[in-house]
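The values are calculated or read from the model by the stated rules, or taken from the named source; none is laboratory data. Small disclaimer: the values here were computed from a predicted structure and weren't measured. Virtual Cβ from ideal backbone geometry, glycine too; neighbours counted across all protein chains shown. These area figures cover heavy atoms from the full protein model, side chains too; ligands, DNA and RNA do not enter into them. Shrake-Rupley method; radii C 1.70, N 1.55, O 1.52, S 1.80 Å.
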Amino acid sequence: MKLLLENAHIEGIRYYEAYRKHGGYRSVEKALKMTPDEIVEEVKKSGLRGRGGAGFPTGMKWSFLAKPEGVPRHLVCNADESEPGTFKDRYLMEFLPHLLIEGLIVSSFALGSNATYIYIRGEYAWIPDILEQAIAEAKNNGWLGKNIQNSGFDCEIYVQRGGGAYICGEETALIESLEGKRGNPRIKPPFPAVQGLWMRPTVVNNVETLAAVVPIINMGGEEYGKLGVGRSTGTKLMSACGNLNKPGVYEIPFDLTVEEFIFSDEYCGGIPNGKRLKACIPGGSSVPILPANLLLKDAKGNTRQMNYESLAEGGFATGSMLGSGGFIVLDEDQCVVRHTMSLARFYNHESCGQCSPCREGTGWMYKILKSIEYGKGRMEDIDLLWDIQRRIEGNTICPLGDAAAWPVAAAIRHFRDEFEWHVLHPEEAQTRNYGLAHYADPREVVAG
Amino acid sequence: MADNIKVTIDNITIEVPMGTTILEAARKIGGDVAPPTMCYYSKLKGSGGKCRTCLVEVSKGSEKDPRPMPKLVASCRTGVMDGMEVKSMTSEKVIDARKGVTEFLLLNHPLDCPVCDQAGECDLQNLGYDHGNAGTRYDYDRRAFEPEDIGPYIQLHMNRCIMCFRCVFTADQLTDTREHGILDRGDHARISTCISKALDNDFIGNVIDVCPVGALTDKTFRFKNRVWFTKPVDAHRNCSNPKCCGEVRLWMRGEEVFRVTARKDEWGEVANASNGETGWICNECRFEKKETKDWVIEGPTKVNRHSVIAQGHYAGKVGTAKQPVLIDKVIGKAPKLTLDIHDVSGVNKPSYHLDQIEGPAHSDDFK
Ligand SMILES: Cc1cc2nc3c(=O)[nH]c(=O)nc-3n(C[C@H](O)[C@H](O)[C@H](O)COP(=O)(O)O)c2cc1C
Ligand code: SF4
Ligand code: SF4
Ligand code: FES
């Protein structure tokens, strides 16, 4: 069942006419007849969890928002989507801009935000125009501006382009950047819910999270909560890429198995050229990589499903995370060392440089990985890498440090033999890849 | 006071007012319980949280919520709660993390102590001796920048900068216009003025005092002497600048004034002046008044006996630590050793042992 992308293929759905004709803005009509607290209650009942990566329950986050007398509050939509492998928000904004605007209006009403911001990744250069057009259309039709639909509620939505820094997706760095400052994460506390944008109470939510508010209001929180598995409710957008026949953005039910997602024709259609599955990063570049044998089934032998709990089964030792839904698949021809190196380069480049473990550690890890990849590694470098990531993790200001440490830790944990092979066969490693070894796809599938 | 709450750090309990940070509470206990700090500066608003050397373990959150905190926290930016229990040097995790941070900070640091003017009063040098390993595990090129003259008085050695942000806060909070800041990000971030513009604000000289390393140094002092050969003397003058306290420290050799700085407290921060305000000094006092006749001399500075500068038997010590009590309490961990710069520095290796010299060390002693 699709809740977000149901109408994505209708012609002209990007524009107001078609969007409204197919039931658009119904949730605003319904919400304006409710009280803000009732809306927060519905979102709580729905069990919706943040789609930006951490999976924090949205209703709970909203109820933490401080409401001091006479101080404006803000809702900020996090559209900075820069995690390698993640491109679901882009799809939503590009093809269904009104769905996001609709979700923003309802959420702004629920939180009492009269000025709501969309902070969008700088490289998404063409999307602000699409959003601004949608905002203008919504305004012309009385869904934005003063006294929306005679409810007495005023709301404006502003689009702000970022400068193209991954770190500005971290909510407090985003707030700093919105304020026109250098995008350095703030030291918490205070949390944004108490002192956020311009030191006012602020909620920062992901694009997909805010879009999901629309079906929640339309169908009721309780109905939404019945979809899915356990604490993973509703549906999730996945952006699949890598060695797949049909990479792209899919809306999935949470009871879908990982195997089905990769191999079925309804979703990614298997791996091209008859290659076998080697490994996968299921939730965006920051989450631990899993070898095929731990991806399709967890360590206890249960079939893995595409939801928060099942992917995390086994903790970091044998599990991973759903994260932001950036699903990256590696086939047998991919080199884990090279892959880890390019992620390390990314985090080295994107570290804001405020705190020493992340600033210095990310560069160090990248240099070591580069030397291993290019045949200059030593055995002790592998242990050194482990030591470095261990001392970054948990010791930094913001989770970027953890995000840089986890991929390296997981790669060494699961693919240590491949690192050692690189060190022992520096010349051969320049000419061929290590291949599959024991972590092969247990089903021995050769997809067509 | 009714508002006082109890906090226990390394098994020593102390009462502090609500709103105190763990670090300030630990400093009240004093000695080695106080975590090392490279970025926090109590006199600069918003400072701290960045270097991560002051990480501590909170083994009990508070009386109300005794759960331990899941991660180590930056003690300089974490407030105490009633009944909180903190482990600083009694925690293996903390010791390991500090070792890590020290290694990270030294990674791109040039280790040019022999030619650095900060040697002997460098926080990073001290941190390295207390928490570092001998040798480095890093064998790649270090970040390299050319030294930059920023204005007539100050030289910037970006290679040595540890990105503590103190100088940025100082310029923000002390001077009318900030002319420098941080450009770029990550390990290629650097302190700079946009186009090597001069920093020529009345109070900009204070960035030299807050800089924990030798990244910002006094051009009027450069290479003239080693700090431990000069003798610190407290002095004051009637400065015409209303914002300047005029209370300084002169670094002298014989009758010659080599350098003028603000006075520092036991934590290496600019101390409060007699009027109770932070004792920042103006550029004129710092850079232009280099003769004894400019000053009313008050007498020799009392120096912490751990300091390198104190190698030559100075009177007294500023610290409040009760060392003997401490050793009993912190499960046998000895307090930090008095370091001897001459054992580690490549230059200045006199055959004399400093503690055999009577009175303050003087360069004449090393001829
Ligand atoms: C380095 C870093 C980058 C992040 N980038 C994004 C991002 O691009 N988009 C996003 O929605 N959340 C991102 N987050 C997570 C946000 O900090 C925040 O948790 C999220 O926007 C909350 O929204 P949610 O509760 O709806 O998930 C990032 C976090 C970190 C630490
Ligand atoms: S962890 Fe990295 S990105 Fe986050 S504040 Fe520290 S240096 Fe900046
Ligand atoms: S120049 Fe000195 S004070 Fe400024 S950030 Fe670097 S180390 Fe800190
Ligand atoms: S002194 Fe606390 S983080 Fe630097």
A careful count of residues in region B:24-34 that are within 17 Å of the chain's Cα centre (by Cα) and either open to solvent by less than 10 Å² (accessible area, probe 1.4 Å) or within 13 Å of another protein chain (Cβ to nearest Cβ) (or both) gives 3
Subset of region B:36-51 [open to solvent by 10 Å² or more (accessible area, probe 1.4 Å) and either within 16 Å of ligand 1 (Cβ to nearest atom) or touching a strand residue (DSSP E or B) at 6+ places or on another chain (Cβ under 6 Å) (or both)]: B:LYS43
Residue among B:GLY214, B:GLY186, B:GLY268, B:GLY205 that is within 16 Å of ligand 2 (Cβ to nearest atom) and buried (at least 17 other Cβ atoms within 10 Å of the Cβ): B:GLY186
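From A:GLY319, A:GLY363, A:GLY314, grab the single residue that is more than 16 Å from ligand 3 (Cβ to nearest atom), on the phi > 0 side of the Ramachandran plot and of a type outside the set (Asp, Glu). So that I can check it myself, show each step before the final result.
Details: A:GLY319 fails: on the phi > 0 side of the Ramachandran plot; A:GLY363 fails: on the phi > 0 side of the Ramachandran plot.
Just one listed residue meets the conditions, A:GLY314.
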The condition of being away from chain A (no Cβ under 13 Å) and within 30 Å of A:ILE388 (Cα to Cα) holds, among B:SER47, B:SER42, B:SER88, B:SER75, only for B:SER88
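So which residues in region A:43-77 are in a helix (DSSP H, G or I) and of a type in the set (Gly, Ala, Ser), if there are any at all?
To start, the set of residues in region A:43-77 that are in a helix (DSSP H, G or I) comprises A:43-46, A:58-63.
Matches in region A:43-77: A:SER46, A:GLY59, A:SER63.
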Check B:SER59 against each of (1) assigned to a strand (DSSP E or B); (2) buried (at least 22 other Cβ atoms within 10 Å of the Cβ); (3) small (Gly, Ala, Ser) and name the one condition it does not meet. (2)
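Within region A:307-316, is even one residue in a loop (DSSP other than H, G, I, E, B), open to solvent by less than 10 Å² (accessible area, probe 1.4 Å) and either more than 14 Å from every other protein chain (Cβ to nearest Cβ) or in contact (Cβ under 8 Å) with a residue 40 or more places away in the chain (or both)? Walk me through how you get there before you give the answer.
Keep residues of region A:307-316 that are in a loop (DSSP other than H, G, I, E, B), which gives A:307, A:313-314.
Imposing the further condition that a residue be open to solvent by less than 10 Å² (accessible area, probe 1.4 Å) reduces the set to A:307.
Next cut, either more than 14 Å from every other protein chain (Cβ to nearest Cβ) or in contact (Cβ under 8 Å) with a residue 40 or more places away in the chain (or both) only: A:307.
Among the residues of region A:307-316, at least one is in a loop (DSSP other than H, G, I, E, B), open to solvent by less than 10 Å² (accessible area, probe 1.4 Å) and either more than 14 Å from every other protein chain (Cβ to nearest Cβ) or in contact (Cβ under 8 Å) with a residue 40 or more places away in the chain (or both), which makes the answer yes.
Could you tell me whether A:ARG345 is within 16 Å of ligand 4 (Cβ to nearest atom), open to solvent by 10 Å² or more (accessible area, probe 1.4 Å), among the charged types (D, E, K, R) and in a helix (DSSP H, G or I)?
Values: within 16 Å of ligand 4 (Cβ to nearest atom): no; open to solvent by 10 Å² or more (accessible area, probe 1.4 Å): yes; among the charged types (D, E, K, R): yes; in a helix (DSSP H, G or I): yes.
For A:ARG345, the condition - within 16 Å of ligand 4 (Cβ to nearest atom), open to solvent by 10 Å² or more (accessible area, probe 1.4 Å), among the charged types (D, E, K, R) and in a helix (DSSP H, G or I) - is not met.
One line per residue, one yes/no per condition, for (1) within 20 Å of the chain's Cα centre (by Cα); (2) over 25 Å from A:CYS77 (Cα atoms):
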position: A:ALA211; (1), (2): yes, no
position: A:GLY221; (1), (2): no, no
position: A:LEU227; (1), (2): no, no
position: A:SER232; (1), (2): yes, no
position: A:GLY242; (1), (2): yes, yes
position: A:ILE252; (1), (2): yes, no
position: A:LEU256; (1), (2): yes, yes
Could you grab me the full set of residues in region B:168-182 that are near ligand 3 (Cβ under 8 Å from one of its atoms) and open to solvent by less than 10 Å² (accessible area, probe 1.4 Å)? B:THR170
From the list A:GLU94, A:GLU38, A:GLU42, exactly one residue is free of Cβ contacts under 8 Å to residues at least 24 places away in the same chain, over 25 Å from A:TRP198 (Cα atoms) and among the charged types (D, E, K, R). Which is it? A:GLU38
Of those in region A:334-369 that are among the hydroxyl-bearing types (Ser, Thr, Tyr) and within 11 Å of chain B (Cβ to nearest Cβ), the residue farthest from A:GLY435 (Cα to Cα) is A:SER356
The number of residues in region B:62-106 that are over 18 Å from B:ASP123 (Cα atoms), more than 16 Å from ligand 2 (Cβ to nearest atom) and part of a helix (DSSP H, G or I) is 4
Those helices (runs of 4 or more DSSP H) completely within region A:85-202 that have 1 or more residues that are under 21 Å from A:VAL28 (Cα atoms) are A:88-95, A:97-111, A:127-140
Residue among A:ILE388, A:ILE372, A:ILE382 that is farther than 25 Å from A:LEU295 by Cβ, of a type in the set (Val, Ile, Thr), within 14 Å of chain B (Cβ to nearest Cβ) and assigned to a helix (DSSP H, G or I): A:ILE388
